[in-house]
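*Asks:* Below are the structure tokens for one structure; questions will follow.
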Amino acid sequence: MSNNLAQVQSIGGAIAGALGRIRGLLTPGEELLSVAVQSRWHAWTHRRVIVAATSNRLIVFRRKLLGGFEMEDLQWQDLRDGKLREDMVAATLSIVEGAKTIVVVGLRKDHAQSIYVACQAQEQAWREKNRVRGLEEMRAQSGGVQVGTAGLGLLGGGTGPAGDGAGSGADDAVARLEKAKAMLDKGLISEAEYEAVKARVIEKI
């Protein structure tokens, strides 16, 4: 058990019970990474909120005053722009999911830092996955197929000699270059990778 999980478990009482409920909600193979608990003095009018980071998702667990609980289940690939703000006694965690921003105030600072680190690690991992996926798509679209001894490079659906469908090939090349530029602007590929893709596409026009 990580230091963070051991600290939360040691709180005991209702928090330990809520942590047990969260563990019971995990899917096969899903691992609980870290947990943040709302400080008691931030929860005068409600039961404390618990935020849990797992290997698959971020869980915001809210226990009801009269029993039961409400849970927000947020997949890592849908989350972006996590922020952590600390004051003298507590921390506020905010995460953007699509057009919605999830904000949890009054978290214990050491707990919130652990969740924030997990969020940043997952964000970087998904950014890299998207970058690799985009590169694979670009390679598949811009890769040439050698035909006979003439070394004719076919792009996309080209089927004839170099003169046939020239306009279509140029249009395909423009589309691929535009996609590569969009990926560069989004930070999914590096400048060097963009230049390599551009050179490969232009070479086959």
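The values are calculated or read from the model by the stated rules, or taken from the named source; none is laboratory data. Remember, it's a predicted structure, so these values are computed and weren't measured experimentally. Every residue, glycine among them, receives a Cβ derived from its backbone with ideal geometry; neighbour counts consider all protein chains shown.
*Asks:* For region 116-142, give me the residue count where each residue is within 18 Å of ALA173 (Cβ to Cβ) and in contact with a helix residue (DSSP H, G or I) (Cβ under 7 Å, 6 or more places away or on another chain).
*Replies:* Total satisfying the criteria: 5.
*Asks:* Consider only pairs whose beta carbons are under 6 Å apart and that are at least six residues apart or on different chains; among these, list those whose first residue lies in region 73-89 and is assigned by TED's automatic domain parsing to the domain that holds CYS119 and closer than 16 Å to GLU123 by Cα and whose second residue is surrounded by 12 or more Cβ atoms within 10 Å (Cβ to Cβ) and of a type in the set (D, E, K, R).
*Replies:* Qualifying pairs under 6 Å: LEU74/ARG57; LEU74/GLU97; GLN75/ARG57; ASP78/GLU97; LEU79/GLU97.
*Asks:* Out of ARG62, ARG47, report the one residue that is assigned to a loop (DSSP other than H, G, I, E, B), within 22 Å of THR92 (Cα to Cα) and either basic (Lys, Arg) or at pLDDT 85 or above (or both).
*Replies:* ARG47
*Asks:* Sticking with this one: Residue check: is LEU188 at pLDDT below 80, within 30 Å of ALA125 (Cβ to Cβ) and surrounded by 13 or more Cβ atoms within 10 Å (Cβ to Cβ)?
*Replies:* Spelling it out, LEU188 is indeed at pLDDT below 80, within 30 Å of ALA125 (Cβ to Cβ) and surrounded by 13 or more Cβ atoms within 10 Å (Cβ to Cβ).
*Asks:* Look at region 75-132 and say how many of its residues are part of a helix (DSSP H, G or I), surrounded by fewer than 16 Cβ atoms within 10 Å (Cβ to Cβ) and of a type in the set (S, T, N, Q).
*Replies:* Of the residues in that region, 4 qualify.
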